[in-house]
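Heads up, the thing below is written out as C-alpha cells.
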Amino acid sequence: MIEELKNKSLTELESVKSVDSLEQWRVKYLGRKGELTSILRGIGSLPDNERRLIGSQSNSLRGLLEEQYKKIKPTLEKNLTHDSVDITLPGRTRTKGRLHPITSIIREISEAFSDMGFSIVEGNESELEHYNFDLLNIPKDHPARDQWDTIWLDRPNRDDNLLRTHTSPMQARIMENSKPPIRVIIPGKCYRYEATDATHEWHFHQIEGLVVGKNISFSDLKGTLYELARRIFGPSRKVRFRCDFFPFVEPGVDMSIDWKGEWIEILGAGMVHPKVFEGVGYDPNVYSGFAFGMGPERIAMLRYDIEDIRQFFSNDLRFLSQF
Ligand code: DAH
C-alpha cells in the first residue's frame, strides 16, 4: 500500500510544472487531509505487528516526499520570475538604426550621376605623393601645395606616403589603368592637417568626377553640373560658375549655390590639364575631358541648414536622429 502510494505520488510529481500544481500535489499527499497523512493518522488503530512496519515505511515516505517538494519548489519559483511571459505587459519598441546624413547625401549624389551614365569607384585613403600631387601638376616645392595641408604617414623607409588630401589622385590612377571613354565618380574620405572650426574639419568627404573622351567640351561640364544641382537642390535653385584656379585643370572654375541670398561654394571643376593627360600617357591632342570635386558635407549643410560641420562627426544622437 505504501509502495503504491510512493509510486503514484512520485509519478505525479514528475508532471508538475508550475508552483500552483505543486501546491495541489502537496495538499493531496502531505496536507492535513492528504493521503499519506491519513495513513499516518490511522497507524494507532493497526494491530501491533503491522503498526511497526507501516509506521516506519510511511514515515520514510513522508521524509522523501517532503524532500522532493523542497527540491522542486525553488526551481519552479525561479521559472516564474525569469522565464514566464507576461502577455499583459506593453511591448517594447525596438530602436532602428539609420544612415548617417553624409552617407545618404553621397548615395543621393551617386544615384544622380549613375542616372547620367557614370560608374562609381572607390580609392585608397592612404596615398602616395606621386598621385596626390605630382601627377596632378602640383610639383614639389610649388606654392600650390600649400593649399592642401598634408598629414604625412610615418613609414619606415619611405617619406612619400600620406593621407589623401583630396579624391583627385584617383583621376590619375583611373586614367593609368583604363582607356577613354571614361565617365566615373569617386566618393571617399580625405584628410587635412588643419585646425577645425564651424566650416572646416580635418577629415571630410569628397566626390570626385572625371569624364574623358573625344570632343568633351566645357558645355558638357556645365550641363552635367547644372543637372546635378537640379537633382539635389530642385529646379529653381540659382547656380553660379566663377573662374578659379586648380593646378590640374585649365580653365578652372568653382560652382556656388544660392543660399538665402548668399553664394556658397560647393565644388571645384575644370577641363583636365594637358600636363595631367601627359603624366598618365594620354595624348592631349586626341582626348579632352573635365573633372570636378565636391564636398558632401557642404551640400548636406546647405540642404539641412546645419551650421557647424563638426556636428557630423560628434556622434551625438540628438543630432543624428533628426535625419
Ligand atoms: N581637389 C580639389 C580640392 O580638394 C577639388 C577639385 C577642384 C577637384 C577642381 C577637381 C577639380 O577634380 O577639377 O580642393
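Overview of results
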{"item": "Percentage relative contact order, region 2-84, counting C-alpha pairs under 8 Å, at least six apart", "result": "33"}
{"item": "Under-5 Å amide H pairs with Val16, H placed in peptide plane, nonlocal only", "result": "none"}
{"item": "Mean Cα-pair separation over length for the chain, i.e. relative contact order, pairs under 8 Å, 6 or more apart, %", "result": "14"}
{"item": "Cα gyration tensor shape for region 101-320, rounded if a/c is under 1.5, else prolate or oblate", "result": "oblate"}
{"item": "Under 5 Å, built H, 5+ apart or other chain: amide partners of Val249", "result": "His273"}
{"item": "Neighbour-limited loop hits for trypsin sites (Lys or Arg not before Pro), region 56-138 (at most 12 other Cβ within 10 Å; DSSP other than H, G, I, E, B)", "result": "Arg92, Arg94, Lys96, Arg98"}
{"item": "Stretch gain in nm, segment Lys28-Leu53, where the contour uses 0.36 nm per residue and the Cα spacing is subtracted", "result": "6.7 nm"}
{"item": "Sorted by Cβ density within 10 Å, fewest first, the residues Asp134, Asp316", "result": "Asp316, Asp134"}
{"item": "Sites Glu35 and Arg94, calculated FRET efficiency, Cβ-Cβ separation with R0 51 Å, nearest 0.05", "result": "0.50"}
{"item": "Gap separating the Cα centres of region 277-323 and region 49-71, nearest whole Å", "result": "85"}
{"item": "Gaussian network model of the chain, springs between alpha carbon atoms under 10 Å - residue of Asp48, Asp146, Asp220 with greatest fluctuation", "result": "Asp48"}
{"item": "From phi via Karplus (6.51, -1.76, 1.60), per-residue ³J(HN,Hα) for region 277-287 in Hz, x at Gly/Pro", "result": "4, 4, x, 9, x, 9, 7, x, 7, 9, 10"}
{"item": "Extension gain from Asp160 to Ala195, taking 0.36 nm per residue of separation minus the Cα-Cα distance", "result": "10.3 nm"}
{"item": "In sequence order, calculated HN-Hα J values of region 181-194 (Karplus, 6.51, -1.76, 1.60; Hz; x Gly/Pro)", "result": "x, 10, 8, 9, 10, 10, x, x, 9, 10, 9, 9, 7, 8"}
{"item": "Inter-centroid distance (Cα atoms) of region 85-102 relative to region 1-45, Å", "result": "48"}
{"item": "Under-5 Å amide H pairs with Leu267, H placed in peptide plane, nonlocal only", "result": "Met255"}
{"item": "Choice from Ser58, Ser114, Ser288 with maximal GNM fluctuation in the chain (Cα, 10 Å cutoff)", "result": "Ser58"}
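Read-outs throughout are calculated quantities, based only on the coordinates presented, and are distinct from any laboratory measurement. From a predicted model like this one, the values you see are computed outputs, not experimental measurements. Ideal geometry is used to build each Cβ from the backbone, glycine not excepted, and the neighbour counts take in all protein chains shown.
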